[in-house]
Amino acid sequence: MPQVEVTVQHEVGLHARPAALFVKLASSFPCDITIANKTTDGQPVNAKSILSVLTLGVNKGHTIVIEAEGEQADEAVAALKELVESNFGE
């Protein structure tokens, strides 16, 4: 299973608009994708669920772990990593 760790640098972390963009991109892939907040030792949650992603409490400077399994898993992890590293297009 492809997996990547990336640090969130967005001012509001993974909340509101950044979370919505993350979930929208994750939902565009057919594979199963999870996200966990490594900084707080959070359990992995469904990356395609806005409520689940918001419950992680990811703030600026937190490291997240993105993992995918299934069809297009490598592409999904790479795309989500790029989204976070691009500061969600801002």
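Does any residue of segment 55-74 turn out to be at pLDDT 95 or above and in contact with a Lys or Arg (Cβ under 6 Å, 6 or more places away or on another chain)? Within segment 55-74, one or more residues are at pLDDT 95 or above and in contact with a Lys or Arg (Cβ under 6 Å, 6 or more places away or on another chain). Just a yes or no: is a residue in segment 3-12 acidic (Asp, Glu) and touching a residue at least 40 places away in the same chain (Cβ under 8 Å)? Yes, segment 3-12 contains a residue that is acidic (Asp, Glu) and touching a residue at least 40 places away in the same chain (Cβ under 8 Å).
Across segment 38-90, the number of residues qualifying as within 21 Å of residue 28 (Cα to Cα) and of a type in the set (Lys, Arg) comes to 2.
The values are calculated or read from the model by the stated rules, or taken from the named source; none is laboratory data. Here the structure is a predicted model, which is why all the values come from computation and not from measurement. Please note: Cβ atoms are built from the backbone with ideal geometry, for glycine as well, and neighbour counts cover all protein chains shown.
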